[in-house]
1. Can you tell which of A45, A54 is within 9 Å of the chain's Cα centre (by Cα) and either surrounded by 16 or more Cβ atoms within 10 Å (Cβ to Cβ) or free of Cβ contacts under 8 Å to residues at least 40 places away in the same chain (or both)?
2. Can you give me the number of residues within segment 60-98 that are over 14 Å from I44 (Cβ atoms) and not polar (S, T, N, Q)?
3. Select from segment 72-87 the residues that are farther than 17 Å from K58 by Cα, at pLDDT below 90 and either of a type outside the set (S, T, Y) or within 8 Å of the chain's Cα centre (by Cα) (or both) and list them in ascending order.
4. Among the aromatic types (F, W, Y), within 16 Å of the chain's Cα centre (by Cα) and surrounded by 12 or more Cβ atoms within 10 Å (Cβ to Cβ): does that describe Y66?
5. Of the residues T76, T70, which single one is of a type in the set (S, T, N, Q) and touching a residue at least 40 places away in the same chain (Cβ under 8 Å)?
6. So, in segment 1-43, how many residues would count as being modelled with pLDDT under 75 and under 30 Å from E93 (Cβ atoms)?
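The values are calculated or read from the model by the stated rules, or taken from the named source; none is laboratory data. Since the model is a prediction, treat every value here as computed from it, not as a measurement. A quick note on method: Cβ atoms are made from the backbone with ideal geometry, for glycine too, and the neighbour counts reach across all protein chains shown.
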Amino acid sequence: MKRKRSIFAVSVIVFLMVSMFLSTNVLCEEITVKGKVNDNYQIIAEDGQIYEVADTDKGNEVVLQYIGKTVKVSGTIQESNGGEKIITVTSYEVKDIE
């Protein structure tokens with residue numbers, strides 16, 4: 001009986017650890033990026049990193065209204081299975097104002 005409890009406890013711990021690593025919410029990271037908006041719905045950061053912008057209200061405001069402008073965006077970053085970085089914009093400010 002004691003052996004069954006030990007196996008069960010280990011199984012639960014392994015399941016929780018695997019769930020943690022596979023959960024996208026655990027892998028999210030809050031960042032701020034400064035870069036230029038291109039016409040492919042992306043932000044090209046000053047260091048050359050390309051960020052896909054998630055399809056949200058704030059994200060759409062940035063990529064539809066400020067193409068060619070430099071913006072500073074804050075948001076949650078996730079990495080897709082293909083290695084693309086996707087930012088869900090929570091706030092932004094436009095740096096190039098004409």
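1. Details: A45 fails: within 9 Å of the chain's Cα centre (by Cα).
Exactly one residue qualifies, and that residue is A54.
2. The initial filter retains those residues of segment 60-98 that are over 14 Å from I44 (Cβ atoms), namely 60-61, 64-65, 74-83, 86, 88-94, 97-98.
Checking the rest, the ones that are also not polar (S, T, N, Q) come to 61, 64, 75, 77, 79, 82-83, 86, 89, 92-94, 97-98.
Residues that pass the stated criteria total 14.
3. Passing the criteria: E79, N81, G82, G83.
4. So Y66 does not fit the description; no.
5. Values: T70 fails: touching a residue at least 40 places away in the same chain (Cβ under 8 Å).
The unique qualifying residue is T76.
6. Count: 6.
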